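Remarks on the structure that follows.
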């Protein structure tokens, strides 16, 4: 199963690397609009959102729209001391610095308990139609969201949706996946 997952990671990471920036921007905006009209987020006040790398669905316009609604946003942040990821309050675009793997994270850190998260916006290399997610293989989001009952939404381009994926006991399941073409409820 490990070899199968690694082959899938390589294949979908390569596909994403080939995407043109205009295509990423246009389709990310479609996905963000679809997400902002998604009934399951209405009235929710506490969101976790990722800051994208490697042509992931861009969440900047999503974050800006959520900030205008005055909701609380947390993003993954890495502690060099504990060598673990945790949730930190998003304080704005001017409070970011590059962390490990060149992923932006808050420079000034205010940790937030994962139990406060109501809606989790999650990236992936690919997703199955039944909600299984394949990430980079480090288990970051699996660990960060293990203790929460947040509604989990995967953001992906439609080419990242597959019929089936190998699933292990620790793999995080999505409640919904949103692409530029459709919403998949799992």
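For the chain, what does -39500 (n - 2.57) per DSSP helix run (n ≥ 4), summed and divided by total residues, give at 222 nm, in deg cm²/dmol to the nearest 500? That comes out to -7500 deg cm²/dmol. Extension gain for residue 115 to residue 80 (0.36 nm times residue separation, less C-alpha to C-alpha distance): 10.3 nm. Take the Cα of residue 37, step 7 Å toward its Cβ, do the same at residue 97, and the gap between the two points is 4.1 nm. DSSP bridge analysis restricted to the chain gives an antiparallel fraction near 55%, rounded to the nearest 5.
The listed peptides 107-114, 140-147, ordered by packing as a protection proxy, come out as 140-147, 107-114 (highest mean of other Cβ atoms within 10 Å first).
Largest first and in whole Å, the equivalent-ellipsoid semi-axes of the stretch 2-185 read 23, 19, 17, each the square root of five times a Cα gyration tensor eigenvalue.
Measuring r between the beta carbons of residue 67 and residue 17 and using R0 = 30 Å, the FRET efficiency lands at 0.50.
Bear in mind that the values in this text are calculations on the coordinates, not laboratory data. Predicted model, so just to flag it, every value in this text is computed and none were measured. Quick reminder, even Gly has a Cβ in these numbers, built from the backbone with ideal geometry, and neighbours come from all protein chains shown.
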